[in-house]
Structures are given as C-alpha cells and as structure tokens.
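Written below as structure tokens is the structure these notes are about.
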Amino acid sequence: MKHKPIDQLARDLKLRIAPETLEKAFLHSSYSNEVGDPRGSNERLEFLGDAVIDLAVTSHLYEAYPDADEGRLTKAKSVAVSRPTLAEKADELGLADYLRLGKGEEANNGRERPNNRGNAFEALVAILYLERGFSYAQKFVIRCLEADIERYLAEESTTGDYKSLLQETAQRLFDCRPAYAVAESHGKEHRKEFTISVAVAGHRSVGRGRTKKEAEQAAAKQLYLILEEF
C-alpha cells in the first residue's frame, strides 16, 4: 500500500505545522534504516509523546473530576493511555495511511499492527508539543480521549473496572472466569512493557502496558468489548 501525502493529514486535522515536520512522526525504523533517512525513526518522538499524553490525561482527570479518588483516576488513566486505546485513536484519525514503512514491514502487514499505529499517535502528539506547546498538545489529546475517559468512569462508577466487567460478562455468558497469562515483557526497567493475554471460553485477547495491571486492563477491555457484541 502506498502511503498518503502528509499534507493531507495536516489539512484534515487543521494542523498549522509544516508537512515535512509532521512526517517525522510516521517514519518507522524499518523505513529509516532501509532508505538511510537522516531524520531517523519516530522512536524518540514516541518516547516523548508517551510522557506528554500521560501528563495531559493526568492533568485533565485531576481538574475535571475533583471528587474522584486516586484509585479511580489511576484506573481511568491506565485505560485511556493503554496501547489498545491509542491504536483505536490512530485508527479513527487514519494515521496508519501515513506510515512510512520498509518493504519488509509493509509486506508483513505492519500498517495493521496496533503497536505501530499507537506509536504513530504518540509521535504525532510529541510533534504537536514541540511545535505548538503543551496546552495545544493537551487539547488535541483530550479531544481524542475524552469520550473514552468519560465512558470508563461512568461504567466504573457502577460496575467496576474492565477486569471486573469482563469477569461479570464471562460468568453471565459462559459461567467461567477469565484466565490471564504474561505473554512477554521487554524493554529496560524504566521503560518495560508487558504483554498480557486473557482467555474466556476459547475467546482470546492481548493487552500491553507499562505495568502488569495496566496490561491486564488493556487485555480485559479488548475481550470485554468483543464479548459484549454477543
């Protein structure tokens, strides 16, 4: 698949940022290594964007929900900044269409990988932060994630977190409990990412996060949303 021109994204999202600057957010390492692009990959931007999103969501939760306790806010943030959620936001914005991938990554369906899409979202946020400042980047992040945050807090206030929601659904539909397992973990200690799988009656999903609990929440969310369609 041929990627779309980056100036189209700038127009669609009404971003007053030079296309050549925006393009840096979509340079996958496979592409940069293959063509020898001097700009490198989007990995450093993804690192920065991850922190910007975390602070943006944390600040929003603190200000918008003054009566919520720390536990509820922490759970809401974990769901909002999880890899599945960010990949979903990337899908809604059509970011996969702008990824610059190497031939091997393209042939291996790299555009469909949640990690690549989520990384592109994080890198884009980093560009917004560097070019327009934190306030601008935060408004973009919250515009993308606010509905998910509100929905989660509304569900959590009456029925609990996604692990609880999944457990209740599993018992209701199949009279069983979800089974969680650590699929893998990688990265340095301060940047470790866990991958957790969850299974219910032959149905499976995978979630990723910076802690096991966050990864479990992400996995539970994915499977819960699937089972709710039954």
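Laboratory data are not the source of any read-out in this text; all were calculated from the coordinates shown. Only a predicted model underlies this, so the values are computations on that prediction, with no experimental measurement involved. All Cβ positions, glycine included, derive from the backbone under ideal geometry; neighbour counts span all protein chains shown.
Things worth noting here:
- For the chain, the longest principal axis of the C-alpha atoms and the axis of helix 70-80 are separated by about 50°.
- Region 74-132: mean projected area of Cα convex hull, nm²: 4.7 nm²
- Cβ-based net charge around Leu22, under 10 Å, with every Lys or Arg adding one and every Asp or Glu removing one: -3
- Rounded to 5, percent antiparallel among DSSP beta bridges of the chain: 95 percent
- Region 162-227 - percent relative contact order, Cα under 8 Å, separation 6 or more: 29 percent
- Each Lys and Arg contributes +1 and each Asp and Glu -1, all at the Cβ; summed about the Cα centre of the chain, the dipole is approximately 420 debye.
- Förster radius 35 Å - calculated FRET efficiency between His203 and Asp97, Cβ distance, rounded to 0.05: 0.75
- Ascending count of other beta-carbon atoms within 10 Å, so fewest first, for Leu165, Leu128: Leu165, Leu128
- Cα Rg over Rh - region 33-168, Kirkwood: 1.03
- Subset of Lys77/Lys163; Lys24/Lys221; Lys139/Lys192; Lys14/Lys139; Lys4/Lys89; Lys14/Lys221 violating a 22 Å alpha-carbon distance limit: Lys24/Lys221; Lys139/Lys192; Lys14/Lys221
- Ordering His28, His60 from the fewest to the most neighbouring beta carbons within 10 Å gives His60, His28.
- Normalised by residue count, region 31-90 yields a Cα convex hull volume of 89 Å³ per residue.
- Unit charges at the beta carbon, dipole of the chain: most positive-side option, Ala107, Ser185, Leu9: Ala107
- Residue of Ala181, Ala56, Ala219 that the Gaussian network model of the chain assigns the largest fluctuation, springs spanning Cα pairs under 10 Å: Ala181
- Ranking of Tyr98, Tyr62, Tyr162 by count of other Cβ atoms within 10 Å, fewest first: Tyr62, Tyr98, Tyr162
- Every helix of 4 or more DSSP H residues in the chain counts as -39500 (n - 2.57), and over all residues that averages to -19500 deg cm²/dmol at 222 nm.
- Rg over Rh [alpha-carbon atoms, Kirkwood Rh] for region 104-230: 1.02
- Scaled against the 2.2 N^0.38 Å expected of a compact globular protein of N residues, the Cα radius of gyration of the chain reads 1.05.
- Computed over region 162-227, the range of Cα coordinates on each principal axis works out to 40, 18, 15 Å, biggest value leading.
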